[in-house]
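This report refers to the structure that appears directly beneath it.
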């Protein structure tokens, strides 16, 4: 991450909640903008270069899920979804649409700060120590320095979490990485038995790399253990 102050956009219709989060985040060194009207959220988010977005799911008139879908068609900016505690459907749908992470309400502001910093770290991860910036398995390739990915020669747009998962797999070809290991690498937090984040990110990754089944990507499930990437045939 650079030394500049990260700029965040909070999208939430609850003015009191936004003020609380904004004050806390500013005290932690972030530059904060906010938008209360969900109808204006997508345009506002794309008009400025933000380092990350904090997006509430439950808003009147237009849901955070709808806004997320619009944003992902135009941008790969890191997005943290705010969901109701226990609402697994919103979490899974949000992750499937490309959210990088989620926070279940209610939460302590310091927990959100930690999650935002984790998202920013993985979006700005430097190249690994392996001595090369380019990794591939015969079909899928990535540029660690440029954080770009290709499948069968065609560029693929990945979220920060998806890219970091793919990078971890390609840096350890044929090796099975557990969900806990992938959660630590890709999400900068610990995995819990009911956390489906890695499964959903892997599903999205396979879809993007495989382009509807037209390309063999080599990402395999090892049941009861985790995931690995093998050389594509």
Efficiency of FRET between residue 136 and residue 195 - r from beta-carbon atoms, R0 30 angstrom, step 0.05 = 0.55
Relative contact order, percent, segment 134-229 [alpha-carbon distance under 8 Å, six or more residues apart] = 30
Once both axes come from the Cα atoms, what is the angle between helix 109-123 and the longest principal axis of the chain, in degrees from 0 to 90, rounded to 10?
-> 40
Bridge orientation stat for segment 131-209 from DSSP, antiparallel percent rounded to 5, came to 100
Sort 88-98, 50-60 for me by packing, meaning the mean count of neighbouring Cβ atoms within 10 Å per residue, highest on top.
-> 50-60, 88-98
Calculate, for residue 16 and residue 172, the FRET efficiency according to 1/(1 + (r/R0)^6) with r their C-beta to C-beta distance and R0 41 Å; round to the nearest 0.05.
-> 0.35
Would you please put 175-184, 162-171 in order of how densely packed they are, using the mean number of other Cβ atoms within 10 angstrom per residue and starting with the highest?
-> 162-171, 175-184
Residue 36 to residue 180: extension gain in nm, 0.36 nm per residue of separation minus the Cα-Cα distance?
-> 48.2 nm
For the chain, the longest principal axis of the Cα atoms and the Cα long axis of helix 15-27 enclose an angle in degrees, to the nearest 10, of 70
Among (1) 31, 21, 19; (2) 36, 20, 16; (3) 31, 18, 17, the entry matching semi-axes √(5λ) of the Cα gyration tensor in Å as calculated here is (3)
Relative contact order of the chain: what whole-number percent is it, with Cα pairs under 8 angstrom and at least 6 residues apart?
-> 15
Percent antiparallel among DSSP beta bridges (both partners in the chain, rounded to 5) | 45
Expressed as a whole-number percentage, the relative contact order of segment 7-123 with C-alpha contacts under 8 angstrom and at least six residues apart is 24
Which order do the peptides 102-110, 140-148, 74-82 take when ranked by the mean count of other beta-carbon atoms within 10 Å per residue, highest first?
-> 74-82, 140-148, 102-110
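Laboratory data are not the source of any read-out in this text; all were calculated from the coordinates shown. Quick caveat, the model's predicted, so the values are computed rather than measured. Here Cβ is always computed from backbone atoms with ideal geometry, including for glycine, and neighbour counts include all displayed protein chains.
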